[in-house]
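Report on the structure given below.
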Amino acid sequence: MKSTFRTRSLIASLAIAALTFGSLQAQDKDGKKAAIAKAKPVARAVASTPKIRPLSVSVDLLSKTRLEGTLTDATTLEMQTSFGGASIPLSEVAGIRFASAENASTTVVMLNGDSITGATDVKLVTVETEWGTATINGSNISSIMFVPGLDWNPASGLNGKRWNLINEKTAVKPKTTTVPATSSNGRTMAPPAPRQSYPSNIQPSQIYRTR
């Protein structure tokens, strides 16, 4: 009798333990489901490619041809200066004067008036014009202007010729001077006398003074 009672008590204890474990497991599952339901999805930042802002430009070629339009394929100019490499934002540039046979350095004039000289290696420049898209070799470009109404002005310095930008309205145009003619003996010749015209019905010999 005692062994039977012990067996029944053991079975009852195991049953209670199983029910308790099942209840706890069910509560744990319900808690996890509730936590998952309450969790909000986290938005991931997607890397976006920066949009290129079109820049209005005037491109002067070595052939004296000028193209006007929008520059759409670049936002910076890579330049090698005496201080090292530089990446210049074109939105801060007023004009670029490329190297030539007379001047081996490229000059970049900023909107604030500062200038940077160095070496560039521009392969191609694409300009959207009113008649279509123009792709220009960098070696054929003389200068690129980002601000209208400005003109290039050369200035001699210790390191050679430097370029700066001036207003076209204030640009000093060279004055033309007239040199008086000289005769073979070195004397200055008087300017020619104005021609005198007569009516068609009167001959020069018929003109006389009246007292």
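Every read-out reported here was derived from the displayed coordinates using simple, explicitly stated rules and does not represent laboratory data. Source: prediction; values computed, not measured.
What the table shows:
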item	result
Residues whose placed amide H lies under 5 Å from that of ASP73, excluding near-sequence neighbours	THR126
Evaluated over segment 55-170, the Cα radius of gyration and Dmax, each in Å	13.6, 44
Extension gain from ASN112 to GLU130, taking 0.36 nm per residue of separation minus the Cα-Cα distance	3.5 nm
